[in-house]
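The values are calculated or read from the model by the stated rules, or taken from the named source; none is laboratory data. What you see is a predicted model, and the numbers here were worked out from it, not measured in a lab. Here the Cβ positions follow ideal geometry from the backbone for every residue, glycine too, while neighbour counts run over all protein chains shown.
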Amino acid sequence: MADEFRQLLEATLRHLEALKEHGARFVPVSPQTLEALARPPALATSAQPAPQVSTPPMPIAPPPRQPRADTMTTPRPVDPVPSRTATPKAKALSELRERALACTRCPNLVKFRTQVVFGVGNPDAELMFVGEAPGADEDAQGEPFVGRAGQLLTKIIETMGLSRDRVYIGNILKCRPDMPASEPGNRKPTPEEMQTCIPWLLDQIEIIRPKVMVALGATAMEGLLGGKPAISHLRGRWHEFKGIPLMPTFHPSYVLRGNDIHKKRQVWEDMLQVMEKLGRPISAKQRNYFLKGGS
Ligand code: URA
């Protein structure tokens, strides 16, 4: 009996891993099933009712870290996250991910990295954010934008009425740029590193074909469109990348530096344009964030 239980457990785990690999972050589990799972194996194998599909969804991956305090309030996303376990885009992205995880094109980065940070979110997303490169937190967790800057990005996404599960987040570079052991922090990717890595991102964009893209910071713009742009000149205006409208804005880590309400408002105005382009509803409260009288 114990053997059967272990086999069943292993099969379930394999199934959940496969779902996770295809981008699923939640599975529906009934309260009865949860209760049964919490019991010791001998009891859990006795005749249990068949698992029922009901709410609430339970996370199968650690939920994204909670954002730190900020001045934005966070409306909960109202529309359900579309299923993305078996769509053609999910499959193509999963296959691409497998190949990217084994990439050894930059020997210095291969030596330094803990893991490749491929990207996260919905393969069928309408909105895609592109950042620069993983930092230490992302390198450790294998997910883009999970450190301080990531917490702010998550907050921005949620304030737009979306969630990390509904959008897609990727970086120009999939590995953390190497740093001397004695030096803290991160460095900007070199042009060669960006050129070497960009095919992964191009493939991600080609698969997802989002309706709108947001470039987070000057390096993201440099990686996508080339040149050495001043982000303060580029932001707030629509650009285009492979036929997809592209809105550049400040990188969240730049916004965190100085905690300047004017910068926050500028980023927010850029996101309002993105919401308009996506045809998303915008409340009066949302319009007024970071204005006098707004929250
Ligand atoms: N900054 C980025 O540009 N990307 C990340 O994934 C994290 C921080």
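At-a-glance table
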item	result
Set Val267, Val274: member being in contact with a strand residue (DSSP E or B) (Cβ under 7 Å, 6 or more places away or on another chain) and closer than 23 Å to Lys292 by Cβ	Val267
Test set (1) farther than 24 Å from Ile208 by Cα; (2) more than 16 Å from the ligand (Cβ to nearest atom); (3) modelled with pLDDT under 95 - Pro184 fails condition number	(2)
Evaluation of Pro177 against (1) more than 14 Å from the ligand (Cβ to nearest atom); (2) of a type outside the set (Lys, Arg); (3) not in a helix (DSSP H, G or I) (one fails), failing number	(1)
Residue tally, condition within 14 Å of the ligand (Cβ to nearest atom), touching a residue at least 24 places away in the same chain (Cβ under 8 Å) and of a type outside the set (Phe, Trp, Tyr), over region 236-266	7
Helices (runs of 4 or more DSSP H) contained in region 191-234 and holding at least 3 residues of a type outside the set (Gly, Ala, Ser) and more than 16 Å from the ligand (Cβ to nearest atom)	191-208
The one condition in (1) among the aliphatic types (A, V, I, L, M); (2) surrounded by 24 or more Cβ atoms within 10 Å (Cβ to Cβ); (3) in contact with a Pro (Cβ under 8 Å, 6 or more places away or on another chain) that Ala90 fails to fulfil	(2)
Any hit, region 111-120, residues being assigned to a helix (DSSP H, G or I), more than 18 Å from the chain's Cα centre (by Cα) and in contact (Cβ under 8 Å) with a residue 12 or more places away in the chain	yes
Top-ranked residue of region 85-110 - restricted to ones that are without any contact (Cβ under 8 Å) to a residue 40 or more places away in the chain and among the polar types (S, T, N, Q), ranked as farthest from Asn171 (Cα to Cα)	Thr87
Unique residue being of a type in the set (D, E, K, R) and closer than 18 Å to Lys277 by Cα when the list is Glu206, Glu158, Glu192	Glu158
Selected residue (only one of Asp137, Asp124 is surrounded by fewer than 24 Cβ atoms within 10 Å (Cβ to Cβ), near the ligand (Cβ under 8 Å from one of its atoms) and farther than 20 Å from Met271 by Cβ)	Asp137
Members of region 203-226 that are aliphatic (A, V, I, L, M) and either surrounded by 24 or more Cβ atoms within 10 Å (Cβ to Cβ) or in contact (Cβ under 8 Å) with a residue 40 or more places away in the chain (or both)	Ile205, Ile207, Ile208, Val212, Met213, Val214, Ala215, Leu216, Ala220, Met221, Leu224
Residues of region 144-171 satisfying the condition of being near the ligand (Cβ under 8 Å from one of its atoms), assigned to a loop (DSSP other than H, G, I, E, B) and not aromatic (Phe, Trp, Tyr)	Pro144, Val146, Gly147
